[in-house]
Amino acid sequence: MVTGPIADAKSSKFLQTYAGSSSNKKETLDIATIDLKLANRSLFVSANWQPELYTKWYAELAQKKLPRAAAAYTDTTLYPDSTVKIGVVNFAAKWGDKAANLESMKKYIADAAKEKLDILVFPEMALTGYNDDKDVARAEKMQVKNAETVPGASSEALAALAKQNNMYIIFGLPEKDKKDETKIYNSAAILSPDGTIASYQKIHPVGDEPNWCIRGSTPYMFTTPWGPIGMSICFDTYAIPELERYYAASGCKIVINPTATARGSTIESKWEWYYSNRLESATDRDGIVIASANLVSYDGPEGKGYIFPGGSVVISSAGTAGVYHAGKVANREAGLITSSEIDLFTRGFKIIGFTPALYSKLYKEAAELKTTQAKAAASSSSMAASSSAPAVTTTAPAVDKPTNPVIYVLLSAAALYVVMSLSKKPKKE
């Protein structure tokens, strides 16, 4: 079978089958003609893909001397508590109204306490709302004006409830850097039953987010009775498999995914395909449970936002299909969604022969190539700009000749063209 991206953006489909079929069990030759312009490798040529970080993460995994037997990942000797109850919230945030959103979260926490939940997850940017007002300067953006440090007023208020109800609570917010208040992150606050307050800064901001926030750079795991739990926000989860793999190989059986995603599409079937397939693939690939909480209803300044579809779920894999412990992707109603007790004993990272040292080496090579390509692009842009600029002197400064003869010939030709152009006499009127 040959598959790839689809050309028609209005289609409800997200993937095109060019030849063959997954249901075809007969011996056959399938042939396809494919326009390779559709394979634009947009993720890998963007600044958001950061192999220099993955080099470091996988080098750390190599130093941990991971167990080689699959059974070791499901050993309960270290963490004997193998069942957990998780709640996720389809949260209707009021854009720019922290006070109202905080009161709404408190009500959900009270409901979660009645259900005796162990973990409660709110969406990305639940404290303030998500969408960006593109018509205002960065300093006036809602996210920047409402940013808080962690710990801060909102996280401390909810941390008291986490401690009171013996519950882990996670919620999204714009986080202000403690040392430099001009630095704002798209973050998730993690509140533990022992009173600990921590945060995770989204490593891969996407869409309009770079208009107001900067990248984080550090994975975050917090210790629980069920082992370490990893933090991943939205695009970190859907597009960057390196992060989930790092968490799973480090011993995490649960990954928390606060999200604010509608996939930028009004075609619900397309969004559902993207959301469910990305989550199911991650749980099956890495043997983890993902607790994903999404915004629901309209969000943004009046006339400039859009509707989020909800679909908060707690999901794992049975090897043949996704197992939805709580919620449905098609659920568009605001509210608390709770799981029954999830048995974690049979879950965990089980890939035999996983060699993080090799991954680290390959990511290092990719990082070096990306840097080389970026420098070449910058040099090409600089040359183009300088050749079109007006001459300010007839005496060129001495420079070293390029070591690459091809580049030297091209530069020499460009210089000769400029000299000849300058020497031409202007036409008389």
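Brief remarks on what is shown
- Per residue convex hull volume, Cα atoms of region 135-180, in Å³: 73 Å³
- Remark: the residue 223-residue 160 segment gains 20.8 nm on full extension, using 0.36 nm per residue and subtracting the alpha carbon distance.
- Under Karplus coefficients 6.51, -1.76 and 1.60, residue-wise ³J(HN,Hα) of region 221-236 in Hz, glycine/proline x: 10, 10, 7, 9, x, 9, x, x, 10, x, 10, 8, 10, 6, 4, 3
- Cross-link partners of residue 106 among lysines (Cα-Cα below 27 Å; sequence separation of 8 or more within a chain): 85, 94, 98, 114, 116, 141, 145, 163, 176, 178, 202, 328
- Applying the Karplus relation 6.51 cos²θ - 1.76 cosθ + 1.60 with θ = phi - 60° to region 150-158 yields 3J(HN,Hα) values of 10, x, x, 4, 6, 5, 5, 5, 7 Hz, where x marks Gly and Pro.
- Theoretical gain in end-to-end length, residue 34 to residue 281 [0.36 nm per residue, Cα-Cα removed]: 86.4 nm
- Whole-Hz ³J(HN,Hα) from phi, Karplus 6.51 cos²θ - 1.76 cosθ + 1.60, for region 25-34, glycine and proline x: 9, 9, 5, 7, 10, 10, 10, 9, 9, 10
- Amide H contacts of residue 16 (H built 1.01 Å from N, in plane; Pro and chain starts excluded): 4, 6 sit under 5 Å, all sequence-distant by 5 or more or on other chains.
- Peptide ranges 369-378, 175-184, 309-318 listed from the most packed, as the mean C-beta count within 10 angstrom indicates: 309-318, 175-184, 369-378
- Mean-position separation - Cα centroids, region 199-213 and region 310-367, in angstrom: 22 Å
- Summarising the label geometry, the points placed 7 Å from Cα in the beta-carbon direction at residue 145 and residue 306 lie 2.4 nm from one another.
- Solvent accessible area, Å² - residue 98, 1.4 Å probe, full protein context: 50 Å²
- For the pair residue 64 and residue 211, a Förster radius of 30 Å applied to the C-beta separation gives a FRET efficiency near 0.20, rounded to the nearest 0.05.
- One chain, two ends: residue 372 and residue 111. Fully extended at 0.36 nm per residue, the span grows by 88.6 nm beyond their Cα-Cα distance.
- Near residue 254, the amide H atoms lying under 5 Å from its own belong to 230, 289; only residues 5 or more places off or on other chains count, and H is placed 1.01 Å from N.
The values are calculated or read from the model by the stated rules, or taken from the named source; none is laboratory data. Being a predicted model, the structure only gives us computed values, none of them experimental. Don't worry about glycine lacking a Cβ; one is built from the backbone with ideal geometry, like all the others, and counts go over all protein chains shown. Quick note on the areas: whole protein, heavy atoms, side chains included, nothing else; ligands and nucleic acids left out. Shrake-Rupley method; radii C 1.70, N 1.55, O 1.52, S 1.80 Å.
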